[in-house]
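Enquirer: This structure is in structure tokens; I'll ask about it shortly.
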Amino acid sequence: MKTTQTAIAQRSQQKLYFDHQDMDYYFAWILGRHIYDGSKAEEYFNVASRIVDGDAESWQQEWLKLAQEIEKLGSQALNRGDLINGRKLYLRACTYYRAPLFIMNPPNSAFSTNWKNMKFCFQTAASLFEPPIESIQVPFHDKHLPGYFWKVGDRKQKRPTLIVIGGLETFAEDCYFMTGLTGTKRGYNVMTVDLPGQGVNPESGMFLGARMGNSVKAVVDYALTRPEVNPDNLAVYGFSWGGHIAFQGVQDDPRIKALIANPAMPDVFRAALAQQGNHGIGDPISNSVFKQIAWRMGLKINFNPKDICRRVVKAGEYFLFGKVKLSKIQCPTLCLAGEGEAQITLDIARECYEQLPNPLNKLVIFTQKEGGEVHCQIDNPALPNQVMFDWLDEVFSSKSRQNIQIYPDIDYELV
């Protein structure tokens, strides 16, 4: 069944639960986290049954109630020494504190409180992994970009490493749930960082801008200081808007040896221009999402939603897209997309693949039949992860990846 409410952009053609497209998309994101212990079916469907379709306040209140309940259970589990269940409960509490933020206007006290609770729950869970997921700070000009690094094991053996770059509305904690432990279980370190405009970096004056490739360079600089990172096997994965940011970062940085973009979007200006009539003006939830995007771009909150498209157009004209030259992307590139995305998105992904020069490039359009039609496959992240790491194994065909027995301590079963 198709959804009926106009959304800020086409990200799926199928209804999961709610008629409101944006609300339904965010619900799909919550659902998809269950595979990495970030949500539970009986919990999220129970909450969904109590939410008034299309009502932001109802959405926020119901998820917050669940988050507080699950966090309390997590604390009780840890107090009785049940570390495994405690970790799982805190991962779910992280998701449920995250849920209200999807359609909450920043900056305000409720937004800040939910973010702090989300971060606390994730970091509590992160400390309970073996080895623990490490909180990191990446130097960037006179400030720092917060993020996480999860490694294969305690030994400082150099491993292939994947840098995950999130989208326009993401937090670094979200990026964990896009890959989970799939990477480490297959012998890859994984790291992610809130770039300018992501997380709560706008509060520090760091906004999404035209030269995002500079922040990617800072992340690569940091990665290469780590003794666990094999500099010959360093890949970048960008999802949603992060797919475009990844192209910006890779085109002038030969240290990045492989690129994955989901969707493959070197020309986000063209896509934004094509969809500028789909922004759902007058819908409270869509407007709330646009206000958050405006905040991330450093725009004034009192605005017309069309200003977002004008900002993207201006950035495209003067900064971004004249500098994104596919001929400069020499590393192997995996171009991904879901068939439920807007036609312009699919067109750009296919054109991108055709223009990239490396013979190891690959294009995959996930279908509804295989469970991958939604934008970034947020409701089924195991699907792109299988494709991504299989492809990286082929690309990184060095000695360290030829013999899987080199890592006898790793369970290679996909999470």
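Enquirer: When you go through E57, E71 one by one, which is the residue that is open to solvent by 10 Å² or more (accessible area, probe 1.4 Å) and over 25 Å from T179 (Cα atoms)?
Expert: Only one candidate qualifies: E57.
Enquirer: Return a yes/no flag: does region 138-148 have any residue that is out of contact with any Cys (no Cβ under 6 Å at 6 or more places or on another chain), closer than 16 Å to T179 by Cβ and part of a helix (DSSP H, G or I).
Expert: Checked against the condition, which is being out of contact with any Cys (no Cβ under 6 Å at 6 or more places or on another chain), closer than 16 Å to T179 by Cβ and part of a helix (DSSP H, G or I), region 138-148 yields no hits at all.
Enquirer: Search region 35-54 for residues being of a type in the set (D, E) and open to solvent by 40 Å² or more (accessible area, probe 1.4 Å), and hand back the single one that is farthest from K88 (Cα to Cα).
Expert: D53
Enquirer: Right, here's the next one. Being open to solvent by 30 Å² or more (accessible area, probe 1.4 Å), in contact (Cβ under 8 Å) with a residue 24 or more places away in the chain, more than 20 Å from P146 (Cβ to Cβ) and in a loop (DSSP other than H, G, I, E, B) is the filter here, so list the residues in region 100-126 that pass it.
Expert: Passing the criteria: only N105.
Enquirer: I would also like to ask the following. Report the residue count in region 11-22 for those that are at pLDDT below 95 and open to solvent by less than 20 Å² (accessible area, probe 1.4 Å).
Expert: Final tally of qualifying residues: 2.
Enquirer: Can you find, within region 127-159, the residue that is surrounded by the fewest Cβ atoms within 10 Å (Cβ to Cβ) among those that are in contact with a Phe, Trp or Tyr (Cβ under 7 Å, 6 or more places away or on another chain) and closer than 24 Å to F102 by Cα?
Expert: S135
Enquirer: For a quick check of your reading of the model, give me the residue pairs whose first member lies in region 213-229 and is touching a residue at least 60 places away in the same chain (Cβ under 8 Å) and within 13 Å of L162 (Cβ to Cβ), whose second is assigned to a helix (DSSP H, G or I) and open to solvent by less than 20 Å² (accessible area, probe 1.4 Å), with beta-carbon atoms closer than 6 Å and at least 6 apart or on different chains.
Expert: Close Cβ pairs (under 6 Å, with a partner that is assigned to a helix (DSSP H, G or I) and open to solvent by less than 20 Å² (accessible area, probe 1.4 Å)) amount to V229/A223.
Enquirer: Taking only region 365-393 into account, find how many residues are part of a loop (DSSP other than H, G, I, E, B), touching a residue at least 40 places away in the same chain (Cβ under 8 Å) and over 10 Å from E339 (Cα atoms).
Expert: So the answer is 4.
Enquirer: Looking at the structure I just gave you, is K257 within 27 Å of L363 (Cβ to Cβ), in contact (Cβ under 8 Å) with a residue 60 or more places away in the chain, open to solvent by 10 Å² or more (accessible area, probe 1.4 Å) and among the charged types (D, E, K, R)?
Expert: yes
Results for (1) within 25 Å of K325 (Cβ to Cβ); (2) part of a loop (DSSP other than H, G, I, E, B); (3) modelled with pLDDT of 95 or more, shown as yes or no for each residue.
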| site | (1), (2), (3) |
| --- | --- |
| L208 | yes, yes, no |
| S215 | yes, no, yes |
| N230 | no, no, yes |
| H244 | yes, no, no |
| R255 | yes, yes, yes |
| I260 | yes, no, yes |
| P266 | yes, yes, no |
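Enquirer: Next up: With the structure loaded, tell me whether Y96 is within 30 Å of I51 (Cα to Cα) and open to solvent by less than 30 Å² (accessible area, probe 1.4 Å) or whether it fails that test.
Expert: yes
Enquirer: Now a separate question. Within region 270-304, restricting attention to residues that are in a helix (DSSP H, G or I) and among the charged types (D, E, K, R), which residue is modelled with the lowest pLDDT?
Expert: Applying the filter and picking the extreme gives R270.
Enquirer: Within region 149-193, how many residues turn out to be in a loop (DSSP other than H, G, I, E, B) and of a type outside the set (S, T, Y)?
Expert: Qualifying residue count for the region: 17.
Enquirer: Right, something else. Being under 20 Å from F389 (Cα atoms) and among the aromatic types (F, W, Y): is that true of F171 here?
Expert: Answer is no for this residue.
The values are calculated or read from the model by the stated rules, or taken from the named source; none is laboratory data. In this text the structure is predicted, and so the values were computed from the model without any measurement. All Cβ positions, even for glycine, are placed from backbone atoms using ideal geometry, and neighbour counts span all protein chains on display. All accessible areas refer to the heavy atoms of the entire protein, side chains included, with ligands and DNA or RNA removed. Shrake-Rupley method; radii C 1.70, N 1.55, O 1.52, S 1.80 Å.
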